[in-house]
Amino acid sequence: MKRSRDWVTLHGEIQDPEFLRFLEEIGRERQAAFTTEDFLVIDLVRREQAVPTFLAPRLQVLRDQGVIERVGRGRVTRHLLSRRFYRFLGQGGTYTRQRGLDRETNKALLVRHIKETAAEGATLAELQQVLPSLSRDQVRTLLRELRRAGRIDVHGTTRAARWFPAGPKPNPTQ
């Protein structure tokens, strides 16, 4: 019995020829072909949208191929296009902005602001302005780590709390 093959022709528009050249280069280097699912995942990552569960297995494959990277851990894990892609485009700074700052740099920024506001102390709301890309809980976690390390202190509780550089407590009567 002879089977006939069905064909589907899809018409589309290439939105970024440079990105396509990047994928071609990776495909040649690794002798890998990208599937339709791979292109869907890459597009979602590029648009900073969530990858549906049924496409999630392709994330590891694309990470292994150097197309995307994972940032963060746990529930705050997200994916972005790789550093290599942004270098390919000559946009290394865009990659750094997309990726965000590392944990120690974030802590250093918090400590710097706390030292600059040492006289009156810094509120949590101010510290959230220092790191606007982080959630309130993420900023609080960094503050707890800094406090445990003995680098900062907190005076007060709830919204009235103020963060100070580590050392003797300020005397409000002076």
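Odds and ends about this structure:
- Degrees, to the nearest 10: 136-148 long Cα axis against longest axis of the chain: 50
- Between the range 1-73 and the range 85-118, the alpha-carbon center distance in angstrom: 29
- Residue order, fewest to most beta carbons within 10 Å, for HIS79, HIS11: HIS11, HIS79
- Between the helical axis of 103-116 and the longest alpha-carbon principal axis of the chain there is an angle of about 30 degrees.
- Sorted by Cβ neighbour density within 10 Å, fewest at the top, the residues PHE39, PHE164, PHE54, PHE85: PHE54, PHE39, PHE164, PHE85
- Each of LYS115, LYS107 has some number of other Cβ atoms within 10 Å of its Cβ, and from fewest to most they run LYS115, LYS107.
- With R₀ set to 41 Å, the beta-carbon distance separating VAL130 from HIS11 gives a calculated FRET efficiency near 0.30.
- Answer label, with semi-axes √(5λ) of the Cα gyration tensor in Å calculated from the coordinates and candidates (i) 29, 22, 15; (ii) 21, 19, 16; (iii) 49, 16, 13: (iii)
- Sorting 27-34, 16-23 by their mean Cβ neighbour count within 10 Å, with the most densely packed peptide first, gives 16-23, 27-34.
- Taking Lys and Arg as +1 and Asp and Glu as -1, the other residues whose beta-carbon sits under 9 Å from that of PHE88 total +1.
Rule-based calculations on the coordinates, nothing more; no lab input. Computed from a predicted structure; not experimentally measured. Ideal geometry is used to build each Cβ from the backbone, glycine not excepted, and the neighbour counts take in all protein chains shown.
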